[in-house]
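Below is one structure, written out as structure tokens; comments come after it.
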Amino acid sequence: MNSDFEITYRSNYQRLFRIAAKMLRDSDAARDVVHDVFMAYYFVQNDKKVIKDAKNWLIRCTINKGVDFLRKNKKTISDENVSKQDNTSQNIDSHIDLMSLSNLISKLDGKDQSLVVLYSEGYSYKEIVEITGINFNSVGKTLSRILEKLRRGYETL
């Protein structure tokens, strides 16, 4: 394994896993997706193709493969999967709120879901633009629309 690949792997694995786990709500599936992402990255590097920004390429690839996984498996969140993600929660009300919000997020389309995941990971609008290719002016408007949709959905529960 070349050292550049190993360095990239070590410095990005946890970030990519968190993103995939938030999207898929299944740690085993998230590990599979991240594995596929690094396999793709490895082969792209071996083909001597130039990737200008490896971090953003890896994040974009993780989101795309996560969306593909959700489409392919028509993945919906189950209470069991959310429980696996939040087994340290002591507060039942917080746990129910998390399950409800997670279910609402899982019903968003892939693009909207990826924006929410990136935003929840603390990425700035500029970073979100670089990762997704969405127009800078659209990021705030789109996030606002998505968050409003989530708020309305949450209030009807």
TODO: For Glu155 and Asp53, calculate 0.36 nm times their separation in residues minus their Cα-Cα distance, and state this gained length in nm to one decimal.
DONE: 32.7 nm
Task: Centroid-to-centroid separation of region 39-58 and region 105-157 [C-alpha atoms, Å] - done: 26
TODO: Kindly sort Asp47, Asp112, Asp53 by accessible area of their heavy atoms, largest first, with the probe set to 1.4 Å.
DONE: Asp47, Asp53, Asp112
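The values are calculated or read from the model by the stated rules, or taken from the named source; none is laboratory data. None of these values were measured; they are calculated from a predicted model. Side chains are part of the model used for accessible areas, which takes the heavy atoms of the whole protein and leaves out ligands, DNA and RNA. Shrake-Rupley method; radii C 1.70, N 1.55, O 1.52, S 1.80 Å.
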